[in-house]
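The structure under discussion appears below in the form of structure tokens.
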Amino acid sequence: RSVLAMPSLDDWKLQLVSERAYANPPQDGEEPSSYSRRIIDGAFEQVSDAADLGTRIHAAIEAHFKGEPVPDEMQVYVKPVVGALERTGIKLLQHELRLVNESEGYAGTTDAVMVLNGQQGILDFKSRKTKPGYLCEPWETEPMQIAAYCMAKFQSIQYGACGANVYISTTAPGRVELVTYDDIMLDKAWGAFRSALHLWQYLKNYRPK
């Protein structure tokens, strides 16, 4: 991500800061530099809170599919996810799987390996602030992440690989949306990821042994 422009993420950050500034006008005698620092710091405090909630949601979903107890307060997020997967026909085969692509030199942990319409693929859960009337749209790097995990797991994307992002609303508990990717989309996303990976490796002077 550090080598890519991410307009969606940048726009979200600007919106956070502008909303914080609108709700918190300058205090009497406050210097512009102090005010801007206060607004920026305050705006991103909620990002940390959202990340903590996202971590708890992921942990609760993982616990459910492993047959472990789920805290009562997390069921409002977990049950809709289970229902959405069932309605879509997605079955999860493995959870929190560490994947390594030795030839390309990257690794990561995917939320799940799935089966959809007889095809195996990669599924990733994303907690997301949603707005009424607006669908969840994947951020630029999210299909690339799925494609990278597909290559690490299956060594190929062509001939049937699939992927999915499951978006879990933190602002409207119970709202869940799925976005699926076919092999054509994933093949394009893999090309983009591989280009970004090679650029990152060049900038960091890194190549796997």
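The values are calculated or read from the model by the stated rules, or taken from the named source; none is laboratory data. Bear in mind the structure is a predicted one, so any value in this text is a computation, not a measurement. When we count neighbours, we look across all protein chains shown, and the Cβ atoms used for this are built from the backbone with ideal geometry, even at glycine. Side chains are part of the model used for accessible areas, which takes the heavy atoms of the whole protein and leaves out ligands, DNA and RNA. Shrake-Rupley method; radii C 1.70, N 1.55, O 1.52, S 1.80 Å.
Table for the structure above
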item: The listed residue being in contact with a strand residue (DSSP E or B) (Cβ under 8 Å, 6 or more places away or on another chain), within 27 Å of ILE61 (Cα to Cα), in contact (Cβ under 8 Å) with a residue 24 or more places away in the chain and surrounded by 13 or more Cβ atoms within 10 Å (Cβ to Cβ), out of LEU197, LEU186; result: LEU186
item: Positions within the range 119-136 being open to solvent by 50 Å² or more (accessible area, probe 1.4 Å) and either modelled with pLDDT of 90 or more or in contact with a Lys or Arg (Cβ under 6 Å, 6 or more places away or on another chain) (or both), in sequence order; result: GLN119, GLN120, PRO132, GLY133, TYR134, LEU135
item: Matching option when the condition is modelled with pLDDT under 90 and more than 30 Å from LEU197 (Cβ to Cβ), among ASP72, ASP49; result: ASP49
item: Filter result (under 23 Å from ALA59 (Cβ atoms), of a type outside the set (A, V, I, L, M) and open to solvent by 20 Å² or more (accessible area, probe 1.4 Å)) within the range 94-110; result: GLN94, HIS95, GLU96, ARG98, THR109
item: Close pairs (7 angstrom Cβ cut-off, 6 or more residues apart or separate chains): of a type in the set (Ser, Thr, Tyr) in the range 67-78, open to solvent by less than 30 Å² (accessible area, probe 1.4 Å) and assigned to a helix (DSSP H, G or I) anywhere; result: TYR77/ILE57; TYR77/ALA60
